[in-house]
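S.K.: Here it is, the structure in full.
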Amino acid sequence: MNKAYDFIRTKKSVVTIVAVIDTELDISQEELKNQIWTNTDEIPNNGIDDDKNGYIDDIHGWNYVGSTENDSIPYGLYEYVRIINRFDTIFKDVTSINDIEKSQRENFKKYQNAYEAYHFKLNLTKKNIERYKSAKERYLKAKKVTSQYIGDTTDKSESELDSLINTVLDDEDKKLIKRFSSFKKYGIDEKWIDYNIKSQQEIIAYKLNFRFKERYLTNDKSDDINDFPYGNHNVQGTTQISHSTKVSSIIAATRNDTLVEGINDKVKIMPLSISVSASEHDKDIALAIRYAVNNGAKVINMSIGKNFSLHPQWVNDALKYAEQHDVLIVTSSGNDGYNLDKIDNYPNDALDSNEFLKNFIKVGNTSNKLDSMLVDNSSNYGKKEVDLFAPGTEIACLNRWEVINDTGTSLSSAITSGVASLLFSYYPSLSAAEVKEILLESGTSLEIQVLKPYPNGEKQDPKKVPFSSLSKSGKIVNAYNALLMAEEVSKKKKRK
């Protein structure tokens with residue numbers, strides 16, 4: 001980035017709008033508030049759709065998961081639960097695919113896969129609850145024994161606990177004090193364990209609950225793309241989820257030598273809130289993409305993803321709409337350690353394994369290690385389905401309260417969107433397809449053997465593979481190289 005900014009220091013730029021399709025966004029965040037997009041065709045808070053676009057008072061974007069009372073929905077269902085709800089009355093008693101009309105067989109396969117995913121997640125969640133409860137018992141027992149020797153354990157350091165171990169004669173007590181010291185070392189206490197138990201219980205109560213009415217606040221029909229309007233203009237929302245704030249800060253936080261400097265603080269972030277604590281609705285994704293396109297976005301960052309899609313055609317049509325209007329889509333590959341060439345991941349740019357878009361980029365996560373662990377072990381990958389990689393491990397970003405370090409392909413996607421916005425800002429004649437091609441071709445190539453990521457619960461394959469084999473480009477996004485190539489492409493276009 002330093003080399004990139006040295007290169008463009010004397011060049012003129014234009015403001016580029018980047019739509020962030022994500023959770024609710026803290027638009028009052030000090031390092032972001034001057035980079036928030038404003039709809040100048042709308043009069044604030046007059047209760048009238050001044051620009052006649054179907055959205056009332058959409059001054060800074062739209063919240064598709066907010067209610068008309070400026071509330072918000074904290075939970076939703078997993079997409080495979082929605083699929084089961086949709087098809088259960090049709091397929092629940094079917095035992096063979098041969099008993100189904102050919103036109104319904106794809107839906108039947110989707111239904112079967114959804115049930116498999118549901119039971120896997122349900123069983124895993126139940127096991128997690130028991131595991132955390134068992135950990136709590138071990139913690140409390142270890143804490144009780146430790147406190148018998150030193151009283152209140154709250155402010156005791158690891159070194160004090162380690163010193164205590166050397167003075168204890170009883171082997172069982174010594175073992176328990178060692179255990180308590182280990183809990184302390186990793187920041188595990190009763191509050192942390194209770195939080196995780198509650199989180200797992202909420203998965204069963206809401207996200208896996210077939211009877212949970214997830215649209216009770218928006219009160220729309222999620223299976224009807226034409227059932228609109230719904231939601232509200234309160235993109236700030238009432239939830240405290242920080243995902244969009246983290247992503248937006250990486251793209252656009254003020255470059256003023258603070259701990260977090262955005263890739264391009266000359267952009268305007270257009271917040272479009274669609275995400276709750278589960279799977280996004282295809283309807284919300286599709287409408288948000290169209291809103292971004294219709295309101296001038298050049299880049300759409302979607303740090304979202306899911307392995308099932310109930311209405312993929314709605315999203316595909318919206319992606320095609322973005323392509324037709326020369327808008328670049330950047331998405332995260334996901335954090336499951338999957339090979340996406342073998343496992344579905346939505347949104348994507350492939351139909352029946354054939355790419356149908358030229359404006360779509362899916363990004364994986366490189367770590368902060370230049371060795372066999374270069375690819376973060378949670379990142380999804382794929383020679384066909386993942387286009388390139390970008391840094392996404394221990395990245396400084398902003399949540400709603402402070403600077404933090406976070407990890408995930410969401411941050412890799414944000415970095416790529418930020419670099420793309422730089423190209424559009426300084427070379428506005430470039431098309432979305434050209435920017436995609438530049439980003440993929442100009443990335444950093446590394447002739448290095450790496451360990452492939454692996455799904456949770458599976459053992460890592462010790463066999464190393466070339467880094468170049470894990471994405472289409474085989475490269476890591478490089479802002480400076482991209483600007484150099486953009487300069488050349490732009491000059492050639494002018495000569496023509």
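The values are calculated or read from the model by the stated rules, or taken from the named source; none is laboratory data. Please read these numbers as outputs of a predicted model, since none were measured by experiment. As a convention, Cβ positions derive from the backbone with ideal geometry for all residues, glycine included, and neighbour counts pool all protein chains shown.
S.K.: Can you name every residue in the stretch 207-235 that is in contact with a Pro (Cβ under 9 Å, 6 or more places away or on another chain) and surrounded by fewer than 20 Cβ atoms within 10 Å (Cβ to Cβ)?
M.R.: Scanning the stretch 207-235 gives a single hit, Asp220.
S.K.: Can you list residue pairs whose Cβ atoms sit under 8 Å apart, with the first residue in the stretch 157-184 being closer than 14 Å to Val145 by Cβ and the second being among the acidic types (Asp, Glu) and surrounded by 13 or more Cβ atoms within 10 Å (Cβ to Cβ)? Count only pairs 6 or more apart in sequence or on different chains.
M.R.: Ser181/Asp162; Phe183/Asp189
S.K.: Restricting to the stretch 429-447, count the residues that are out of contact with any Lys or Arg (no Cβ under 9 Å at 6 or more places or on another chain) and over 19 Å from Leu357 (Cβ atoms).
M.R.: The number of residues fulfilling the criteria is 1.
S.K.: So which of Glu31, Glu101, Glu106, Glu42 ends up being touching a helix residue (DSSP H, G or I) at 6+ places or on another chain (Cβ under 8 Å) and among the acidic types (Asp, Glu)?
M.R.: Answer to the check: Glu31.
S.K.: State all residues of the stretch 348-377 that are over 24 Å from Asp317 (Cα atoms) and either crowded, with 21+ Cβ neighbours inside 10 Å or aromatic (Phe, Trp, Tyr) (or both); if no residue qualifies, say none.
M.R.: Passing the criteria: Gly364, Asn365, Thr366, Val375, Asp376.
Residue by residue, here is whether (1) closer than 19 Å to Ser421 by Cβ; (2) modelled with pLDDT under 90; (3) of a type outside the set (Lys, Arg) holds:
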{"site": "Pro229", "(1), (2), (3)": "no, yes, yes"}
{"site": "Asn234", "(1), (2), (3)": "no, no, yes"}
{"site": "Gly237", "(1), (2), (3)": "no, yes, yes"}
{"site": "Thr245", "(1), (2), (3)": "yes, no, yes"}
{"site": "Ser249", "(1), (2), (3)": "yes, no, yes"}
{"site": "Thr254", "(1), (2), (3)": "yes, no, yes"}
{"site": "Val260", "(1), (2), (3)": "yes, yes, yes"}
{"site": "Val267", "(1), (2), (3)": "yes, no, yes"}
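Conditions (1) surrounded by 13 or more Cβ atoms within 10 Å (Cβ to Cβ); (2) assigned to a loop (DSSP other than H, G, I, E, B); (3) not polar (S, T, N, Q), marked per residue:
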site: Asp155; (1), (2), (3): no, yes, yes
site: Ser163; (1), (2), (3): no, no, no
site: Lys174; (1), (2), (3): yes, no, yes
site: Ser182; (1), (2), (3): yes, no, no
site: Lys191; (1), (2), (3): no, no, yes
site: Tyr195; (1), (2), (3): no, no, yes
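S.K.: Follow-up question, since we're still on this one. Check the stretch 52-72 and report whether any residue there is out of contact with any strand residue (DSSP E or B) (no Cβ under 8 Å at 6 or more places or on another chain) and either free of Cβ contacts under 8 Å to residues at least 40 places away in the same chain or outside any loop (DSSP other than H, G, I, E, B) (or both).
M.R.: Within the stretch 52-72 (the criterion being out of contact with any strand residue (DSSP E or B) (no Cβ under 8 Å at 6 or more places or on another chain) and either free of Cβ contacts under 8 Å to residues at least 40 places away in the same chain or outside any loop (DSSP other than H, G, I, E, B) (or both)), the answer is yes, since at least one residue qualifies.
S.K.: For Ser244, all conditions in the list (1) in a loop (DSSP other than H, G, I, E, B); (2) among the hydroxyl-bearing types (Ser, Thr, Tyr); (3) within 30 Å of Gln313 (Cα to Cα) hold save one; what is the number of the exception?
M.R.: Checking Ser244 against (1) in a loop (DSSP other than H, G, I, E, B); (2) among the hydroxyl-bearing types (Ser, Thr, Tyr); (3) within 30 Å of Gln313 (Cα to Cα), the one that fails is (1).
S.K.: Conditions first: (1) touching a residue at least 60 places away in the same chain (Cβ under 8 Å); (2) over 30 Å from Pro455 (Cβ atoms); (3) of a type in the set (A, V, I, L, M); (4) in a helix (DSSP H, G or I). Met270 passes all but one, so which condition is the exception?
M.R.: If we test Met270 against (1) touching a residue at least 60 places away in the same chain (Cβ under 8 Å); (2) over 30 Å from Pro455 (Cβ atoms); (3) of a type in the set (A, V, I, L, M); (4) in a helix (DSSP H, G or I), just (4) comes out false.
S.K.: Please return the ranges of helices (runs of 4 or more DSSP H) entirely within the stretch 389-496 where 3 or more residues are surrounded by fewer than 16 Cβ atoms within 10 Å (Cβ to Cβ).
M.R.: Output list reads 479-495.
S.K.: Right, another one. Kindly check whether there is at least one residue in the stretch 330-347 that is surrounded by fewer than 17 Cβ atoms within 10 Å (Cβ to Cβ), among the aromatic types (Phe, Trp, Tyr), under 30 Å from Asp227 (Cα atoms) and modelled with pLDDT of 95 or more.
M.R.: Looking for residues that are surrounded by fewer than 17 Cβ atoms within 10 Å (Cβ to Cβ), among the aromatic types (Phe, Trp, Tyr), under 30 Å from Asp227 (Cα atoms) and modelled with pLDDT of 95 or more, one finds none in the stretch 330-347, hence no.
S.K.: Shifting gears a bit: Please go through (1) in contact (Cβ under 8 Å) with a residue 24 or more places away in the chain; (2) closer than 19 Å to Asn365 by Cα for Ser429 and return the number of the only condition it doesn't satisfy.
M.R.: Looking at each condition in turn, Ser429 falls short on (2).
S.K.: Taking only the stretch 309-363 into account, find how many residues are in a loop (DSSP other than H, G, I, E, B) and not basic (Lys, Arg).
M.R.: Qualifying residue count, the stretch 309-363: 25.
S.K.: Hey, among Asp58, Asp99, which residue is among the charged types (D, E, K, R) and crowded, with 17+ Cβ neighbours inside 10 Å?
M.R.: The unique qualifying residue is Asp58.
S.K.: To continue, here is another question. Can you find, within the stretch 135-153, the residue that is surrounded by the fewest Cβ atoms within 10 Å (Cβ to Cβ) among those that are polar (S, T, N, Q) and assigned to a helix (DSSP H, G or I)?
M.R.: Here the residue is Gln148.
S.K.: Could you go through the stretch 80-90 and let me know if any residue there is in a loop (DSSP other than H, G, I, E, B) and either buried (at least 21 other Cβ atoms within 10 Å of the Cβ) or modelled with pLDDT of 90 or more (or both).
M.R.: no
S.K.: A further question on this structure: What are the residue pairs meeting all of these: first residue in the stretch 11-36, first residue closer than 12 Å to Gly61 by Cβ, second residue of a type in the set (D, E, K, R), Cβ atoms under 8 Å, and 6 or more apart or on different chains?
M.R.: Ile17/Lys268; Ile17/Lys298; Val18/Lys268; Val18/Lys298; Ile27/Lys33; Ile36/Lys268
S.K.: Given the options Ile59, Ile36, name the one that is in the same structural domain as Val18 (by TED's automatic domain parsing), under 21 Å from the mean Cα position of the chain (by Cα) and farther than 17 Å from Arg215 by Cβ.
M.R.: Ile36
S.K.: Which pairs have Cβ atoms under 9 Å, sit 6 or more apart or on different chains, and link a residue in the stretch 119-132 that is closer than 21 Å to Ile84 by Cβ and loosely packed, with under 13 Cβ neighbours inside 10 Å to one that is among the small types (Gly, Ala, Ser) and modelled with pLDDT under 95?
M.R.: Filtered contacts from the stretch 119-132: no entries.
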